[in-house]
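First the structure, in the form of structure tokens, and then the observations on it.
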Amino acid sequence: DYWSSPRGFVVHGGRVGSTALANMLGSLPDVVALKEPEAFTDLLLSAAPSADEADSPLRSLTHAFRARALRAVAHLFFRASASLRLGATNDRAYAGRTSLAVKLSTAGTAWPSSLRLLRAAFPSTPFVYLVREPAASLASLLAPASRL
């Protein structure tokens, strides 16, 4: 299914320019860029270890089901975004022309189990891990909101 697999994921530490990168990707005429979609984050966090295993109804899902759910979420987000952005009435007209990039939340990718789930759902999708010099990231986190 040509809509289901993102062309790339942006994984980041926070305050490293990931939003700017997602905005740049989204400005390309054939790219739909999702920025930290909550549905992705919720599913990825459901794979993370927890002291309280009953804190989310998603915890009872199997790894395989979570992977299928991530693929379905990507499919639905992409079709909705592409249809709105391109004014598509027949989305098949855009097969091969339109791409999906997803900037993931820092929380959603903080656990190795979350990244394993993402890899299981999208085995051939590349990741870009964005980093910044640590002192600059810390300074950005500590800066008053008025200076951002």
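The values are calculated or read from the model by the stated rules, or taken from the named source; none is laboratory data. Keep in mind the model is a prediction, meaning the values are calculated, not measured. All Cβ positions, even for glycine, are placed from backbone atoms using ideal geometry, and neighbour counts span all protein chains on display. The accessibility values were calculated without ligands, DNA or RNA, using every heavy atom of the protein model including side chains. Shrake-Rupley method; radii C 1.70, N 1.55, O 1.52, S 1.80 Å.
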Residues satisfying the stated conditions in segment 5-38, i.e. open to solvent by 50 Å² or more (accessible area, probe 1.4 Å) and of a type in the set (V, I, T): T19
Output for segment 96-145, where each listed residue is of a type in the set (F, W, Y) and surrounded by fewer than 16 Cβ atoms within 10 Å (Cβ to Cβ): F127, Y129
Some residue of segment 80-87 being closer than 21 Å to V11 by Cβ, modelled with pLDDT of 80 or more and open to solvent by less than 50 Å² (accessible area, probe 1.4 Å): no
Answer from S60, S124, S105, S114 - the residue that is hydroxyl-bearing (S, T, Y) and at pLDDT below 90: S60
Pair list, Cβ under 6 Å, 6 or more apart: segment 122-144 residue touching a residue at least 12 places away in the same chain (Cβ under 8 Å) and farther than 13 Å from L104 by Cβ, other residue exposed (fewer than 10 other Cβ atoms within 10 Å of the Cβ) and among the aliphatic types (A, V, I, L, M): none
Filter result (of a type in the set (F, W, Y) and either more than 13 Å from the chain's Cα centre (by Cα) or within 15 Å of G17 (Cβ to Cβ) (or both)) within segment 109-138: W111, Y129
